[in-house]
Amino acid sequence: MTSVLSTEHFTATQNACKLCAPLGAALVFKGIANTVPLLHGSQGCSTYIRRYMISHFKEPLDIACSNFGEETAIFGGGANIKLAIDNIRRQYDPDLIGVATTCLSETIGDDVPMFIRTYQADHRNEDLPALVHVATPSYQGTHMQGFHGAVRALVAALAEPESARESKRINLFPGMVSPADLRELRAIVASFGLTPVLVPDYSDTLNGPLWTEYQRIPEGGTPVAALRGAGAAAASIECGLVLAGADDTAGTWLHKNCGVPLHRLGLPIGIRQTDRFFDGLAAVSGRPVPERYTAQRGRLLDALVDGHKHLNGVRAAIFGEEDLVAGLAGYCGELGIIPALCATGGGDGRFAATVKRVVPAAHHDRMQILEDVDFVDIEKALADMDVDLLIGHSKGYTMARRLKKPLVRVGFPVHDRVDGSRLAHLGYRGAQQLFDRMANTLIEEKQKKNAVGYTYY
């Protein structure tokens, strides 16, 4: 008798609300100074990732590849990765090569750490760049898991325990945010008299000034030497409410192996989480919150009072990566917006509880929280509810168009606008800009639907 596996309740992913794990790793490596990401897999993987990142950041970028072919897929990619490292060293002379695996190399079981150790042994008398490996099979994770995995891999491979603490040094793990947000976070931390070391920091490498000639490796990023000194920091700060539940991160590794105190905070989106971020910096530094940020907070509150009528009672659908959606849901709750739907392609199991923790309890029975879903699932859910506003990245545009709902673009990727690198979400300034964008989007939508539109005498 032949046994047939039932697929009655199985549906393949369609238009995923997530991206591949090596993309997140490649983005992290682009935030380290004089570093080249190397994908151990086929050219299609590197081309896909380059296309997504170039479309969002509007910057050229190089990502190396070990160039899997049919023979490699059968016999293994050890020779390919060694040749790739040789070529990168010759053409780029990097300080670090970040090696991320792909689905194909993981499926055939390539032992990449062994390949790297063999290469280092064969070239022991040469001045080698740092070689850091992170396992990023997309069938086991999202781009966010690849991102955080790469950050941990960098710290675990490079950080050196120190007997003495550098009282002013702070390791800041900001998560996957925009270059504009990275610059804002760095300025905020520095305003407390602290020295911030962001891991990663692609604010210049992926959003730099105009070039007069092509740069294979753009200037900027966190120096490798700063990563080696991460074990001497006075404290580490990890940003992300969902990330805060993870057991094995860069921050937990430094705490366990180097004794660096760890502070886990939400992304500073909105008033409450930004207040917590500033309070944490004040406690670490022993300094009060600088006056300019107190003034920013006051101006934000004034704006919220002025524009409250446009947002109070609005029903929004929020989608994207877990920590960003949770942060946005909390901010929406502060504004009087009901986060009617919160959805993510991630599926680590902590998302729903996190969202409920930051959204007022009065909204809970009016919310639907979905994780490990694609845009078909999200659109089906929205067909049965009435929302006024969508908040998420460009992959949700076609859904928004079919539903005839306005979309406020946040997060990654933003393909169909030119400001992906400059979108601000964090701190009081980012909260102000996000509030303005949401309010103005709703005002514009009302004007479109009104026969008169707008006039002023």
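Things to note:
- Amide proton proximity set for residue 41, modelled H, under 5 Å, gap of 5+: 66, 67, 68
- Least to most buried among 253, 211 (fewest other Cβ within 10 Å first): 211, 253
- Intensity falloff of segment 313-389 expressed as log10 I(q)/I(0), Debye formula with alpha-carbon point scatterers, at q = 0.16, 0.21 Å⁻¹: -0.48, -0.85
- Ranking of 62, 306 by count of other Cβ atoms within 10 Å, fewest first: 306, 62
- Helix axis angle, 112-122 relative to the chain longest principal axis, alpha carbon, degrees: 40
- Nearest-20 debye value, the chain charge dipole, Cβ charges on Lys, Arg, Asp, Glu: 1240
- Alpha carbon centroid spacing (whole Å) that separates segment 14-54 from segment 315-360: 26
- With N the number of residues in segment 21-158, Rg(Cα) / (2.2 N^0.38 Å) evaluates to 0.96.
- In degrees, nearest ten, helix 270-285 long axis to first principal axis of the chain (Cα): 50
- Between segment 225-304 and segment 156-185, the alpha-carbon centres lie 10 Å apart.
- Each of residue 448 and residue 301 was given a label point 7 Å from its Cα along the Cα-to-Cβ line. The distance between the two points is 3.5 nm.
- Share antiparallel - DSSP beta bridges, the chain, percent rounded to 5: 5
- Remark on residue 337: its backbone amide H falls under 5 Å from those of 313, a criterion applied only to residues 5 or more positions apart or on other chains, H modelled at 1.01 Å from N.
- Average Cα contact separation per residue, the chain, under 8 Å, 6 or more apart, as relative contact order %: 17
- Cβ-defined net charge surrounding residue 15, 11 Å radius [Lys, Arg +1; Asp, Glu -1]: -1
- Karplus-derived 3J(HN,Hα) values for segment 67-79, using 6.51 cos²θ - 1.76 cosθ + 1.60 with θ = phi - 60°, are 6, 5, x, 5, 5, 4, 4, 8, 9, x, x, x, 5 Hz; glycine and proline are entered as x.
- Share, in percent, of DSSP beta bridges within segment 1-157 that are antiparallel, nearest 5: 5
- Sorting 354, 344 from the fewest to the most surrounding beta carbons within 10 angstrom yields 354, 344.
- Nearest-0.05 FRET efficiency for residue 108 and residue 380, computed from C-beta distance (R0 35 Å): 0.45
- Solution diffusion estimate, µm²/s, Stokes-Einstein, segment 123-255, Kirkwood Rh from C-alpha pairs, 25 °C, viscosity 0.890 mPa s: 152
- In order through segment 427-432: 3J(HN,Hα) via Karplus (6.51 cos²θ - 1.76 cosθ + 1.60), integer Hz, x for Gly, Pro: x, 5, 5, x, 4, 4
- 3J(HN,Hα) along segment 155-162, derived from phi through the Karplus expression 6.51 cos²θ - 1.76 cosθ + 1.60 where θ = phi - 60°, amounts to 5, 5, 7, 10, 5, 10, x, 10 Hz, with x in place of Gly and Pro.
- Part-to-part distance (alpha-carbon centres) for segment 361-393 and segment 66-133, which is given in Å: 43
- Summed side-chain charge close to residue 323 - residues other than residue 323 whose Cβ falls under 14 Å, Lys, Arg +1, Asp, Glu -1: -2
- Value of [θ]222 nm, deg cm²/dmol, for the chain, DSSP H segments ≥ 4, -39500 (n - 2.57) each, nearest 500: -14000 deg cm²/dmol
- Positive minus negative residues near residue 211 (Lys, Arg vs Asp, Glu; Cβ under 15 Å): -3
- Amide H to amide H, with H built 1.01 Å from N, residue 260 comes under 5 Å of 255, counting only residues 5 or more places away or on other chains.
The numbers here are math on the coordinates, done by the rules we state, and not lab data. Just so you know, these numbers come straight off a predicted model, no measurement behind them. Every residue, glycine among them, receives a Cβ derived from its backbone with ideal geometry; neighbour counts consider all protein chains shown.
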